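Report on one structure; see the data block that follows.
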Amino acid sequence: MAIDPNSAVSLSAQVKADILARIRSGEYAVGEKIPSLRSLAAQHAVAELTVHAAVKELQYEGVLESASGRGTFVRALPGDAPTDLAATVEELRREVAELRERVAAVEETQHR
């Protein structure tokens, strides 16, 4: 999707719409890593901060998630993203429990 700098729609909203369209079309599948901010910025001929704003909004909506040092991944199809706060909290609890186990395993191997 071409970004129209003269549009009344903000650049970040246009980038967000394009990312959503690519997810819906299957170009970016659930669980798959999306291109880097730099790559997306080059594709859309916008600043990285513009892409960052679009990605952050999609993360907030539960469509994308970032893994530090690994990239940004499609978490759920638009409309399937968890909107239930209790479900989100439970998912976070599971992730924290998993991280605790991993840290404990690493600490145990270091103490041997």
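The values are calculated or read from the model by the stated rules, or taken from the named source; none is laboratory data. Model, not experiment: these values are computed from the prediction. Cβ: placed from backbone, ideal geometry, glycine included. Neighbour counts: every protein chain shown.
Here are some notes:
- Residues in region 3-12 that are surrounded by 12 or more Cβ atoms within 10 Å (Cβ to Cβ) and either outside the structural domain of E48 (by TED's automatic domain parsing) or more than 15 Å from the chain's Cα centre (by Cα) (or both): I3, S10, L11.
Listed here are the residues, each with its yes/no results for (1) within 23 Å of S10 (Cβ to Cβ); (2) in contact with a strand residue (DSSP E or B) (Cβ under 7 Å, 6 or more places away or on another chain); (3) loosely packed, with under 10 Cβ neighbours inside 10 Å; (4) acidic (D, E).
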residue	(1), (2), (3), (4)
E27	yes, no, no, yes
A42	yes, no, no, no
V55	yes, yes, no, no
S66	yes, yes, no, no
G71	no, yes, no, no
A105	no, no, no, no
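- Number of the condition not met by G62 [criteria: (1) part of a helix (DSSP H, G or I); (2) touching a residue at least 24 places away in the same chain (Cβ under 8 Å)]: (1)
- Test: residue in region 33-48 that is part of a loop (DSSP other than H, G, I, E, B), within 18 Å of T72 (Cβ to Cβ) and not aliphatic (A, V, I, L, M): yes
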